[in-house]
1. Explain nothing, just the number: dipole magnitude of segment 275-337 about its Cα centre with +1 on each Lys and Arg Cβ and -1 on each Asp and Glu Cβ, in debye rounded to the nearest 20.
2. Of Met1, Met171, which has the most accessible area and how do the rest follow, probe 1.4 Å?
3. For segment 147-192, compute Rh as the Kirkwood radius over C-alpha pairs and then the Stokes-Einstein diffusion coefficient at 37 °C and 0.692 mPa s; write the answer in µm²/s, rounded to an integer.
4. How large a share of the accessible area of segment 77-144, in percent, is made up of carbon and sulfur atoms when the probe is 1.4 Å and the other protein chains stay in place?
5. Between helix 265-278 and the chain, what is the angle of the helix's C-alpha long axis to the longest principal axis, kept within 0 to 90° and rounded to the nearest 10?
6. So for segment 30-109, taking the charge dipole from beta-carbon charges (+1 Lys/Arg, -1 Asp/Glu), which of Ile94, Gly30, Gly81 sits furthest toward the positive end?
7. Dividing the alpha-carbon radius of gyration of the chain by 2.2 N^0.38 Å (N being the number of residues), what value is obtained?
8. What is the Å³ per residue value for the convex hull set by the Cα atoms of segment 118-173?
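The values are calculated or read from the model by the stated rules, or taken from the named source; none is laboratory data. Computed from a prediction, not measured in an experiment: that's the story for all the values here. Positions of Cβ are backbone-derived with ideal geometry, glycine not excepted, and every protein chain shown enters the neighbour counts. Side chains included, ligands, DNA and RNA excluded: accessible areas come from the protein's heavy atoms. Shrake-Rupley method; radii C 1.70, N 1.55, O 1.52, S 1.80 Å.
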Amino acid sequence: MHEALQYTKTGNNAVQCSLCNHRCKINEGGHGICGVRHNEKGTLYAMTYGRTSGEAVDPIEKKPLFHYLPGTLSYSVGGIGCNFHCQHCQNWHISRATLEDSHMRTLEPLEGVSRAVGSGSASISWTYNEPTIWHEYALDMGRLARNKGLGTIYVTNGYITEEALRELAPMLCAFRVDLKAFNDDFYKKICGAHLQPVLDSTALARELGMHIETVTLVIPGLNDSMEEIEQLIRWVIDHLGPATPMHFSAFHPDYKMTDRSATPVSMLEKIYKKAKLLGLRFPYLGNVYRHPYENTFCPKCGATLIERQGFSSRFVKLDGEQCTSCGEHIEIVRNVT
Ligand code: SF4
């Protein structure tokens, strides 16, 4: 078993985990909300260290990341468990899996990095379930990955604490974060968490120099009021900058949320236009196959810079980080630094 980082002993063999903002107090023999950090005789263990539920070599656009190493592959690994309990989770078969009922395979950090390099990937993504709760493992693999010149990506709900994020920062390049709604009620009722810590960690990730892209799954009747969406966009512009790519994705009924219909495309288009109007340079729509708003357009002259179909990209009027039509500088990371 691998001893956890980010916890304190609080007496009587109890511990307090400080990895995510639940800050679980865990008595001897118990585990945290995420289900994968276990108190054994007063020591906290990361039970899924070196154990994966799946791996794949994905186009980076699938994360989705459109402004970080576009057109490259990302070696992607996932574990089990989650510190959120979203009713509409699309990966519930792994996020709700338990240590007892899951089939996991061993993958040591060094082997993961070798597989990433061997697959021709430019980066490693910790994804599919919440990577925050895999902290020690991601940290070890990420440090090795950076030494091999790979990019490193968290696809995360952003509930990580400040201290854990600061520990990750030297190895983590990109923070692809869900901003699930701009109201705390949604976070409480639908996810079992709170909004403000997500905003705080996202702003901190930006301050620490990570590339940020946000995803908001627009759910009819729950987080789709234009007033709320506008507040969210304004927050991103003010705290992360107008060049932050924001993805607005269509909801499809899943898991415990099958009582709602899919998001109308017209609703997403309205949000896209509002985001442009507010000054966001790169809004995108997601889960809307072959929609032109998946493309990257020059914010100055409107030329198509990158054309996307599904997860494939075609570079049209982009040379490095410059629009070849008007010369505008485009905020996009083309190489791992
Ligand atoms: S990672 Fe979060 S949910 Fe898991 S034990 Fe730590 S504080 Fe609790």
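1. Here segment 275-337 has a charge dipole of around 160 debye.
2. On the way: Met1 150, Met171 5 Å².
These residues rank, largest area first, as Met1, Met171.
3. Rounded, D is 266 µm²/s.
4. 54
5. Helix 265-278 sits at roughly 80 degrees to that axis.
6. Farthest along the dipole direction, towards plus: Gly30.
7. 0.98
8. 78
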